[in-house]
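K.L.:
Quick one: the structure is below, and I'll ask about it shortly.
The values are calculated or read from the model by the stated rules, or taken from the named source; none is laboratory data. Fair warning: this is a prediction, and the values are worked out from it, not measured in the lab. No Cβ is skipped: glycine too gets one built from the backbone with ideal geometry, and neighbour counts run over all protein chains shown. Ligands, DNA and RNA are stripped out before the accessible areas are found, and what is left, the full protein with its side chains, is counted by its heavy atoms. Shrake-Rupley method; radii C 1.70, N 1.55, O 1.52, S 1.80 Å.
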Amino acid sequence: KFQGGGPVRIEEMSERGRGKSRGRGRGRSADGAWAWGAVSDAARGAAKWGRGRSRGRGSGGGSHWGHDDRTRTVIKNDSSLKTKNEGGSWGKGKGKGKGKWKGKDWKNSGKATVVRVDADAIGRHCEVKAHGSSVQAMVMTEQGIYTVSLDKTMKRWKPQKTETGAFSLAAEMSVNLEDTGHSILYSGGWLFIGLWNGNVQAFAQDGAEASLKGHSKRVTTLTVHQGILMSGSTDREVRLWQMDPNTKVFSCTHTIEESMPGPISKIHILGNHAFVAGQNGLAMLDLASLKVTKLLPPQKSVSDLLEFQGHVIAAYAEGGLRIFDAEGVMKSEMAQLQGGPILKIAGLDSGPRLLCGHAQGQISTITLPSFEFKTEFQALAGGSKVDSLLCAGHDGIFLIGSQDGSLQLWQRVDSGLPTG
């Protein structure tokens with residue numbers, strides 16, 4: 001069962017159950033000691049660990065991101081935070097970070113890993129060995145940070161404040177999954193995990209469990225629209241699921257496979273459409289007719305999607321980015337970043353920034369809404385892939401999940417990092 005209670009400050013969470021957490025992987029506090037002891041509480045922010053979203057209608061930081069939920073119920077996470085519904089002016093993808101790479105000829109930059117990035121006031125709090133294999137997906141809830149992995153486990157993590165002022169991460173619980181986990185969603189008191197075998201394993205806060213069977217291959221993406229769970233898979237299908245509130249049994253109500261853009265990597269709801277990303281491009285699925293109305297060029301692999309100010313940012317596996325409005329009209333684009341292939345993107349409230357996670361362990365930061373490259377840094381060692389990214393939606397906090405099973409906690413400080 002999940003513990004109840006609403007969002008709490010990170011300081012409060014770190015005080016809960018001190019000495020009672022279970023599992024492996026405590027943070028190495030020394031990595032962040034140079035910065036966080038000297039950063040004031042105000043600069044660090046009132047870090048409130050919730051669902052990874054901005055705090056209420058009409059609020060400040062983070063409200064650039066995500067859905068307008070005035071007429072529908074949706075989950076809030078780093079890729080679906082609330083929008084101001086402002087048009088915004090988009091830049092043209094400027095910056096020195098752009099660069100061509102040639103597929104098999106592209107090589108690891110060979111850069112050393114860093115724990116602070118002065119060029120964009122970003123510092124690392126800690127790194128833990130979270131899983132025995134790749135951290136494929138993460139989600140933030142009131143209870144903590146949940147991660148799923150290729151090691152067939154789901155774990156929950158709690159931040160703990162160290163004597164230096166930095167935060168470490170401690171494992172509170174570990175749950176065995178029926179197969180490797182590839183996506184995760186928290187909505188309506190349920191945790192949904194997309195598995196390699198095509199099933200969606202679900203755990204309710206009240207202790208109920210469910211297994212949603214229908215897909216034949218890996219479930220890569222999960223989202224919710226008007227109380228309906230939507231799942232996408234490498235079997236090239238989108239499925240819609242509805243729960244019977246009396247029996248808590250989920251039934252597949254619709255299966256959509258016509259005109260899908262190949263194996264599916266991400267679904268994102270914007271307006272009257274679901275943007276469906278896949279190996280062969282980006283499709284727009286009309287939510288009323290459940291028919292694909294547009295296939296947006298180019299027909300290249302799209303690795304991830306993110307909403308910002310009523311627009312969708314599409315990350316292409318080759319390393320480029322494009323911005324589309326709610327009708328599928330392209331507003332801006334950025335050529336391939338020097339970091340090479342993009343695997344994941346996330347929206348950071350501080351700045352704000354677009355974070356791009358690359359196949360060789362780099363993170364690129366891009367300013368929004370000017371859409372200009374800011375900097376790139378080597379977060380992961382040994383060319384390990386950035387397999388997951390999660391932004392808390394407050395105080396510039398974000399997490400990086402690695403191909404080798406490590407988990408890092410970073411923060412961007414608007415006022416700048418301290419010296420020393």
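K.L.:
Looking only at the range 154-186, count every residue that is open to solvent by 20 Å² or more (accessible area, probe 1.4 Å), under 23 Å from GLN242 (Cα atoms) and small (Gly, Ala, Ser) and tell me the total.
P.N.:
Final tally of qualifying residues: 0.
Conditions (1) assigned to a loop (DSSP other than H, G, I, E, B); (2) in contact with a Cys (Cβ under 8 Å, 6 or more places away or on another chain); (3) open to solvent by less than 30 Å² (accessible area, probe 1.4 Å), marked per residue:
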position	(1), (2), (3)
GLU376	no, no, no
ILE400	no, no, yes
GLN408	no, yes, yes
PRO418	yes, no, yes
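K.L.:
Only one residue in GLY351, GLY382, GLY340 is more than 24 Å from HIS131 (Cβ to Cβ), open to solvent by 20 Å² or more (accessible area, probe 1.4 Å) and more than 17 Å from the chain's Cα centre (by Cα), so which one is that?
P.N.:
GLY351
K.L.:
From the residues in the range 119-138 that are small (Gly, Ala, Ser) and in a loop (DSSP other than H, G, I, E, B), which one is farthest from GLY401 (Cα to Cα)? Break it down into steps so the answer makes sense when it comes.
P.N.:
Just the residues of the range 119-138 that are small (Gly, Ala, Ser), to begin with: 119, 121, 123, 130, 132-134, 137.
After this cut, where a residue has to be in a loop (DSSP other than H, G, I, E, B) as well, the list is 121, 130, 132-134.
Numbers: ALA121: 21, ALA130: 9, GLY132: 12, SER133: 10, SER134: 7 Å.
Result: ALA121.
K.L.:
Could you check, for the range 378-387, whether at least one of its residues is outside any strand (DSSP E or B) and of a type in the set (Asp, Glu)? I'd like the intermediate steps shown before the answer.
P.N.:
The initial filter retains those residues of the range 378-387 that are outside any strand (DSSP E or B), namely 379-385.
Then drop every residue that is not of a type in the set (Asp, Glu), which leaves none.
No: zero hits.
K.L.:
Just give me the residues in the range 188-226 being surrounded by fewer than 16 Cβ atoms within 10 Å (Cβ to Cβ), under 22 Å from GLN143 (Cα atoms) and not hydrophobic (A, V, I, L, M, F, W, C), in sequence order.
P.N.:
GLY188, GLY189, ASP206, GLY207, GLU209 - these are the residues of the range 188-226 that are surrounded by fewer than 16 Cβ atoms within 10 Å (Cβ to Cβ), under 22 Å from GLN143 (Cα atoms) and not hydrophobic (A, V, I, L, M, F, W, C).
K.L.:
Of the numbered conditions (1) part of a strand (DSSP E or B); (2) more than 18 Å from VAL238 (Cβ to Cβ); (3) touching a residue at least 40 places away in the same chain (Cβ under 8 Å), SER211 fails exactly one; give the number of that condition.
P.N.:
Every listed condition holds for SER211 apart from (3).
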